[in-house]
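I have placed the structure first, in the form of structure tokens, so that the comments after it can refer back to it.
The values are calculated or read from the model by the stated rules, or taken from the named source; none is laboratory data. Everything quoted here is computed from the prediction, not taken from an experiment. Glycine also receives a Cβ, built like all others from the backbone with ideal geometry; neighbour counts cover every protein chain displayed.
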Amino acid sequence: MNLETRKPGTRLGNTELTDRIIGAAIRVHKELGPGFLESMYEEALAIEFATAALSFERQKLLPVFFREHLIGEHRLDFVVEGSVIVELKAISALEDVHFAIVRSYLKAANLSDALLLNFATARLTVRRVGREYHPQTESEELHL
């Protein structure tokens, strides 16, 4: 991938899959550019995932438990190939809270890898998020 900024040593477990997901997101962003609602990027990305033969669940319900009691549900934008959560944003900039929220989703879904994609920036912003916090490999932010 060109034009990306990475923290050295940062990788997720599903590297090949996350690279394919990022490629699909880049194609959507190149064609649409910034400025649309998140729901429009979601629709376009679903089309691109299907074109790229990636299996996905869209708006997947995620039950949230506290001490074995169901306390609510959240809807994940995408779960791709049953193993990577993909959360979309169309905001001016990602904040630390978005990273924390995605880590909570990973824990609740019992998954290890996620991508946080922001389509509102001039270049697509991608943040790779792992479930476990490791200061040296906490995340990887790409501007594509």
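If a residue has to be over 17 Å from residue 118 (Cα atoms) and in a helix (DSSP H, G or I) to count, how many in the range 83-103 make the cut? I'd like the intermediate steps shown before the answer.
First, pick out the residues of the range 83-103 that are over 17 Å from residue 118 (Cα atoms): 83.
Adding the requirement that they be in a helix (DSSP H, G or I) leaves none.
The qualifying residues number 0.
What number of residues within the range 48-103 satisfy the criterion of being among the acidic types (Asp, Glu), in contact with a strand residue (DSSP E or B) (Cβ under 6 Å, 6 or more places away or on another chain) and surrounded by 15 or more Cβ atoms within 10 Å (Cβ to Cβ)? Reasoning before the result, please.
Kept after step one, since they are among the acidic types (Asp, Glu), are these residues of the range 48-103: 48, 57, 68, 73, 77, 81, 87, 95-96.
Checking the rest, the ones that are also in contact with a strand residue (DSSP E or B) (Cβ under 6 Å, 6 or more places away or on another chain) come to 57, 73, 77, 87.
Filter once more, keeping what is surrounded by 15 or more Cβ atoms within 10 Å (Cβ to Cβ): 77, 87.
Residues flagged as among the acidic types (Asp, Glu), in contact with a strand residue (DSSP E or B) (Cβ under 6 Å, 6 or more places away or on another chain) and surrounded by 15 or more Cβ atoms within 10 Å (Cβ to Cβ) within the range 48-103 amount to 2.
For the range 64-73, state whether one or more residues are more than 21 Å from residue 121 (Cβ to Cβ) and touching a residue at least 24 places away in the same chain (Cβ under 8 Å). Write out each step before concluding.
Of all residues in the range 64-73, those more than 21 Å from residue 121 (Cβ to Cβ) come to 64-73.
Now restrict to residues that are touching a residue at least 24 places away in the same chain (Cβ under 8 Å): 64-65.
Yes, the conditions are met somewhere in the range 64-73.
Is at least one residue of the range 121-130 surrounded by 19 or more Cβ atoms within 10 Å (Cβ to Cβ), part of a loop (DSSP other than H, G, I, E, B) and at pLDDT 95 or above?
Yes.
Name the residues in the range 37-82 that are assigned to a loop (DSSP other than H, G, I, E, B), under 19 Å from residue 110 (Cβ atoms) and more than 16 Å from the chain's Cα centre (by Cα), would you?
Filtering the range 37-82 down to residues assigned to a loop (DSSP other than H, G, I, E, B) leaves 37, 52-55, 67-68, 81-82.
With the extra rule that they be under 19 Å from residue 110 (Cβ atoms), the set shrinks to 55, 67-68, 81-82.
Once the filter is applied, which keeps residues that are assigned to a loop (DSSP other than H, G, I, E, B), under 19 Å from residue 110 (Cβ atoms) and more than 16 Å from the chain's Cα centre (by Cα), the range 37-82 yields 67, 68.
Can you name the residue in the range 102-120 that is farther than 18 Å from residue 14 by Cβ and at pLDDT 95 or above and, of all such residues, is nearest to the chain's Cα centre (by Cα)?
Among them, the one singled out is 118.
Across the range 15-41, what is the number of residues that are touching a strand residue (DSSP E or B) at 6+ places or on another chain (Cβ under 7 Å) and either surrounded by fewer than 20 Cβ atoms within 10 Å (Cβ to Cβ) or under 13 Å from residue 124 (Cα atoms) (or both)? Steps first, answer last, please.
Of all residues in the range 15-41, those touching a strand residue (DSSP E or B) at 6+ places or on another chain (Cβ under 7 Å) come to 17-18, 21-22, 25, 38, 41.
Within this subset, residues satisfying the condition of being either surrounded by fewer than 20 Cβ atoms within 10 Å (Cβ to Cβ) or under 13 Å from residue 124 (Cα atoms) (or both) are 17, 21-22, 25, 38, 41.
Count: 6.
Would you pick out the residues in the range 83-101 that are farther than 19 Å from residue 46 by Cβ and within 11 Å of the chain's Cα centre (by Cα)? Give the derivation first.
Residues of the range 83-101 farther than 19 Å from residue 46 by Cβ: 91-101.
Answer for the range 83-101, where residues must be farther than 19 Å from residue 46 by Cβ and within 11 Å of the chain's Cα centre (by Cα): 98, 99.
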